[in-house]
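Structure first, commentary second.
Derivation of every value follows stated rules applied to the coordinates shown; laboratory data play no part. The model shown is predicted, which means the values in this text are computed figures rather than measured ones. Please note: Cβ atoms are built from the backbone with ideal geometry, for glycine as well, and neighbour counts cover all protein chains shown.
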Amino acid sequence: MFEKLLVADDLKIPPLSLVRCIPKKKLGVKEMIICHAINPPENFQIDQEYLDGIKSRLESRADEVRARGFNCKVEIVRGAPGRAVLELAEQFNANMIIIGSHHRGGVRGALIGSVSYGILHEATRPTFLVRFSPESRNHDEQPSPDSCNSHILFPTDFSETAEEAFMLLERIATVTHAKVTLFHVHDKARIDPYLRHMLPEFDREDKARMQLMKEHLEANGAGKVSVQVSYGVPAQRILAMANSGEFSLIVMGTQGRGYIPEIFLGSTANAIARQADLPVLFVPHKRPGKGW
């Protein structure tokens, strides 16, 4: 399921920080491409010495990753960076795209570059958003695969996209034996004021659905699985959970119920991408003919 990974490298985040959360053997990773995009003006002749310099830097960064046991090669792609990376992901048939963001902490949260943000908005393949803190440049201070997968938060609205995200959650949680919290938020905007009296019934139904999900995960090798249901604005409730310090990773779908096909990143996922402290694996809805 995660045999081919594509890493979008802007040459700013240490390469090991981008792949630190990936348990290679457990997820069955076989190939990795580390790519860097350049976007020269039309008809502009790029100096070969400049290209050789970029290639040399990429190879040096790839050597650090290879030393951790990954089989990887480097690619320089031309064009609008986000689009060029996504096109390479299609050519490579990547199972997952890895992108980085600079975590700033405090009120402003994570700083997502325009390229990473563009990739998130248009990706038709699972995309792993890695948080990098400039204060933790020492590799030993960055999270390890085990710590990244120690306790996974899985927000779900029971949509089709959430079901597809659950399949990837199952894969990760069962091979890493991670603890999982299944989390559903009754959307206040959908319920107030006319359906508020039905909230206890909705609560019972959704807890029953999540109990089945919990039993399935635990039966297949995940660690302890808990179920939580809340009420309010989904993005706000999820962020409060995510930033509580209890979790190490978020796995979630990119669109909820009633999504618009042309909009790949829904409003809740958008807020999580911008404001959550944690790395996030975003899982898009599968499009016809688009496998991952």
Return the long-range amide H neighbours of Gly253 (sequence gap of 5 or more, or a different chain), with a cut-off of under 5 Å between placed amide H atoms.
-> Val283
Residues with amide H under 5 Å from that of His186, placed H, sequence gap 5 or more | Ser230, Tyr231, Gly232
If pairing requires two Cys Cβ atoms under 4.7 Å apart, which cysteines of the chain are left without a partner?
-> Cys35, Cys72
Two pseudo-spin positions, 7 Å from Cα along C-beta at Glu122 and at Asn243, lie apart in nanometres by 3.0 nm
Between Asp47 and Ala219, what is the label-to-label distance in nm when each label sits 7 Å out along the Cα-to-Cβ direction?
-> 6.4 nm
In a GNM of the chain with a 10 Å cut-off on Cα contacts, which of Glu122, Glu201, Glu163 has the highest mean-square fluctuation?
-> Glu201
In a Gaussian network model of the chain with springs linking alpha carbons closer than 10 Å, the residue among His184, His197, His36 that fluctuates most is His197
Among beta bridges that DSSP assigns inside the chain, antiparallel share in %, nearest 5 = 10 percent
If the limit is 21 Å between Cα atoms, which of Lys26/Lys224; Lys26/Lys286; Lys30/Lys214; Lys24/Lys73 go over it?
-> Lys26/Lys286; Lys30/Lys214
For the chain, the dipole about the Cα centre with charges only on Cβ (Lys and Arg +1, Asp and Glu -1), to the nearest 20 debye, works out at 340 debye
At a Förster radius of 41 Å, what calculated FRET efficiency corresponds to the Cβ-Cβ distance of Met1 and Met198, to the nearest 0.05?
-> 0.60
Return the distance in nm (one decimal) between the two label points of a simple spin-label model at Arg190 and Arg57, each offset 7 Å from Cα along Cα→Cβ.
-> 4.5 nm
